[in-house]
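The values are calculated or read from the model by the stated rules, or taken from the named source; none is laboratory data. The structure presented is a predicted model; accordingly, all values stated were derived computationally and were not measured. Note that we place each Cβ from the backbone using ideal geometry, even for glycine, and neighbour counts take in every protein chain shown.
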């Protein structure tokens, strides 16, 4: 599992979890903040979210600022013994692990030209066997070192404080499917300060030279 990135940069990762109860929302304000400051990010898209937001997902696939990655199908913890995390039952076998990972692959191939390079399970929980399966499927697990918004439950000031404490090499997790929460406003507060301090940002796969330079 990767929990650190380029030692000279910070990797922002945003999950679009999908599902009922508001999980299929789109935080356009947050995406606008990233675009305004030309800050790249890796976006983890769940199959359910993609189905509910087809045009937005296709647009994101064409935006060179963003790298798209795989957030699974049913947003389940990736396990081989159906362990639970946050009350959500995980996958229960190697076959279910494979299904959870591969369900998104056809969409990625169609819209980005290649399978996704990274996987993050629902709840960001993965056991060792499932992590090995993901690695062999060519979609290693992306972890994180900084939790910016705790599933989009944190208020804006807490999001800004978490982001303000990042250091080069950190991988930040946040959420882009819960508009109206504190995530966008927290990013809007923290990113200009980070950029002014000389922080640089990257996607998980490739560094982005020049991205994150103060302007």
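Observations on the structure shown:
- Scanning region 36-52 for residues that are buried (at least 18 other Cβ atoms within 10 Å of the Cβ) and in contact with a helix residue (DSSP H, G or I) (Cβ under 9 Å, 6 or more places away or on another chain) returns 37, 39, 40, 41, 43, 45, 46, 47, 49, 50.
- The residue that is nearest to residue 144 (Cα to Cα), counting only those in region 13-26 that are within 13 Å of the chain's Cα centre (by Cα) and assigned to a loop (DSSP other than H, G, I, E, B), is 17.
- Count - residues of region 77-89 that are at pLDDT 95 or above and more than 16 Å from residue 142 (Cβ to Cβ): 2
- Count of residues meeting criterion [surrounded by fewer than 20 Cβ atoms within 10 Å (Cβ to Cβ), more than 18 Å from the chain's Cα centre (by Cα) and closer than 16 Å to residue 17 by Cα] in region 88-140: 2
- Which listed residue, of 48, 35, 76, is without any contact (Cβ under 8 Å) to a residue 60 or more places away in the chain and assigned to a loop (DSSP other than H, G, I, E, B): 76
- Residue ranges of helices (runs of 4 or more DSSP H) in region 128-213 with at least 1 members touching a strand residue (DSSP E or B) at 6+ places or on another chain (Cβ under 9 Å), on the phi < 0 side of the Ramachandran plot and without any contact (Cβ under 8 Å) to a residue 12 or more places away in the chain: 128-136
- Flag set for residue 123, criterion: under 21 Å from residue 47 (Cβ atoms), in contact with a strand residue (DSSP E or B) (Cβ under 9 Å, 6 or more places away or on another chain) and part of a helix (DSSP H, G or I).
- Test: residue in region 97-117 that is touching a residue at least 12 places away in the same chain (Cβ under 8 Å), in a strand (DSSP E or B) and closer than 20 Å to residue 144 by Cβ: no
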